[in-house]
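Colleague: One structure is given below, represented as structure tokens, and several questions about it will come after.
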Amino acid sequence: MTKTIIRTEKLCKTFSSGGIQQHVLKNLDISLVEGDFTIIMGSSGSGKSTLLYAISGMDKPTLGEIDFAGKNLANLSNDQLAVFRRNHCGFVFQQIYLLDNMSVLDNVLASGLLINKNKRELVKKAKERLLQVGISENSWSKFPTQLSGGEAQRVGIVRAIINSPKVLFADEPTGALNSASSDRVLDVLTNVNRNGQSIVLVTHDIKTALRGNRIIYLRDGVICGDLHLGVYSENEKFERHGKLKHFLAEMGW
Ligand SMILES: Nc1ncnc2c1ncn2[C@@H]1O[C@H](COP(=O)(O)OP(=O)(O)OP(=O)(O)O)[C@@H](O)[C@H]1O
């Protein structure tokens, strides 16, 4: 049985600058399902990141409701939102925000200790997770500047999921990586999702989008397409690619 993890009702976001209002999200009603790898696509400026920030509690909606795991985010103060995000959300961005003066392992632990006070248990979990994403022991004491972009992003993913968030939010997580590094990061995200982690990811990239089981397409702040692709499987890569290309062509992408 599917369980809704995030549901929005008439979600609106309007930005004002210089006396001009820009309606970026317009009455969006969406339901995101627990365990899904949901992709948000759409042309530049269609409101993808704005939607991601609203449903993850990073920014407040102008109007409308956001039910996230039974809490209406629209009713929370900024401080309450910060606590909610820390307890329930993980974030990965194109820009990798590791702390340069801390080792790889300490970067992960610093995030983990915000929730889990049992350091011994946390160290064990952090090391296991780092190994799972291909960051071996000889890299644990390195500093972020000593890692490749792809390695740093994989550490960033471990840091984002160390507290087992309800949803991992990602905004163009492979945008700054070369093709080989990007593939490894996508494999990590696919595996993390296979282990039950819900993911909501914004991208322009078809190869990235193929990893999702559901593609939501935004145009001018309105959802105009919703493709259910099924769970990613390497064997069906070409068939998935065909379906996605067809969907995107229909969307006028
Ligand atoms: N804080 C802000 N203040 C004012 N306008 C904003 C703000 N954030 C976003 N916008 C505007 O909202 C619109 C949608 O931005 P958003 O970043 O959500 O688009 P996007 O679909 O993610 O685009 P891209 O694919 O180019 O990253 C843009 O016109 C942008 O200029």
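The values are calculated or read from the model by the stated rules, or taken from the named source; none is laboratory data. Computed from a prediction, not measured in an experiment: that's the story for all the values here. Methodologically, a virtual Cβ is constructed for each residue, glycine included, from the backbone with ideal geometry; neighbour enumeration extends over all protein chains shown. The area values use the complete protein model at the heavy-atom level, side chains included, leaving out ligands, DNA and RNA. Shrake-Rupley method; radii C 1.70, N 1.55, O 1.52, S 1.80 Å.
Here is a yes/no grid of residues against (1) within 7 Å of the ligand (Cβ to nearest atom); (2) touching a Pro at 6+ places or on another chain (Cβ under 7 Å); (3) over 24 Å from G230 (Cα atoms):
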site: L11; (1), (2), (3): no, yes, yes
site: S16; (1), (2), (3): no, no, yes
site: Q22; (1), (2), (3): yes, no, yes
site: K26; (1), (2), (3): no, no, yes
site: I30; (1), (2), (3): no, no, no
site: G35; (1), (2), (3): no, no, no
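Colleague: Suppose the filter is over 19 Å from S31 (Cα atoms), open to solvent by 20 Å² or more (accessible area, probe 1.4 Å), under 13 Å from the mean Cα position of the chain (by Cα) and of a type outside the set (A, V, I, L, M, F, W, C); does Q94 pass it?
Modeller: Against the criterion (over 19 Å from S31 (Cα atoms), open to solvent by 20 Å² or more (accessible area, probe 1.4 Å), under 13 Å from the mean Cα position of the chain (by Cα) and of a type outside the set (A, V, I, L, M, F, W, C)), Q94 qualifies.
Colleague: Now, a different point. Please report, ordered by residue number, the strands (runs of 3 or more DSSP E) entirely within region 176-238 with at least 3 residues that are surrounded by 14 or more Cβ atoms within 10 Å (Cβ to Cβ) and in contact (Cβ under 8 Å) with a residue 40 or more places away in the chain.
Modeller: On the way: elements: 198-202, 214-219, 222-228.
So the answer is 198-202, 214-219.
Colleague: Is one or more of the residues making up region 109-131 open to solvent by less than 20 Å² (accessible area, probe 1.4 Å) and either free of Cβ contacts under 8 Å to residues at least 12 places away in the same chain or among the β-branched types (V, I, T) (or both)?
Modeller: Within region 109-131, not a single residue is open to solvent by less than 20 Å² (accessible area, probe 1.4 Å) and either free of Cβ contacts under 8 Å to residues at least 12 places away in the same chain or among the β-branched types (V, I, T) (or both).
Colleague: Do any residues in region 45-72 that are within 12 Å of the ligand (Cβ to nearest atom) have Cβ atoms under 6 Å from those of residues that are in a strand (DSSP E or B) and among the charged types (D, E, K, R), where the two are at least six apart or on different chains, and which pairs are they?
Modeller: Correct list of pairs: S46/R219; S49/D171; T50/K13; L52/D171; A54/K13; T62/K13.
Colleague: How about region 162-179: which of its residues are at pLDDT below 95 and among the β-branched types (V, I, T)?
Modeller: T174
Colleague: Let me ask you something else. For residues in region 73-91 being farther than 26 Å from K26 by Cβ and without any contact (Cβ under 8 Å) to a residue 24 or more places away in the chain, which is most open to solvent (accessible area, probe 1.4 Å)?
Modeller: Of everything passing the filter in region 73-91, D79 is most open to solvent (accessible area, probe 1.4 Å).
Colleague: Next up: Can you tell me which residues in region 102-134 are at pLDDT below 95, of a type in the set (V, I, T) and in contact with a helix residue (DSSP H, G or I) (Cβ under 6 Å, 6 or more places away or on another chain)?
Modeller: V133
Colleague: Could you please let me know if G242 is part of a loop (DSSP other than H, G, I, E, B) and either over 26 Å from V158 (Cα atoms) or of a type outside the set (A, V, I, L, M) (or both)?
Modeller: no
Colleague: Separate question: Here are some residues: R184, R240, R214. Which one is at pLDDT below 95, of a type in the set (K, R) and either more than 20 Å from F93 (Cβ to Cβ) or in contact with a Leu (Cβ under 9 Å, 6 or more places away or on another chain) (or both)? First the steps, then the outcome.
Modeller: Details: R240 fails: at pLDDT below 95; R214 fails: at pLDDT below 95.
Result: R184 is the single residue among R184, R240, R214 that is at pLDDT below 95, of a type in the set (K, R) and either more than 20 Å from F93 (Cβ to Cβ) or in contact with a Leu (Cβ under 9 Å, 6 or more places away or on another chain) (or both).
Colleague: Right, something else. When you check I39 against the structure, is it under 23 Å from V231 (Cα atoms) and away from the ligand (no atom under 16 Å from the Cβ), yes or no?
Modeller: Working: under 23 Å from V231 (Cα atoms): yes; away from the ligand (no atom under 16 Å from the Cβ): no.
So I39 fails the test.
Colleague: Considering only region 138-158, how many residues are in contact with a Lys or Arg (Cβ under 9 Å, 6 or more places away or on another chain) and basic (K, R)?
Modeller: 1
Colleague: Taking N138 and the conditions (1) open to solvent by less than 30 Å² (accessible area, probe 1.4 Å); (2) over 23 Å from the mean Cα position of the chain (by Cα), which numbered condition does it fall short on, given that it satisfies the others?
Modeller: (1)
Colleague: Could I ask something else about it? Considering region 1-28 alone, what residues qualify as being hydroxyl-bearing (S, T, Y) and touching a Leu at 6+ places or on another chain (Cβ under 6 Å)?
Modeller: T8
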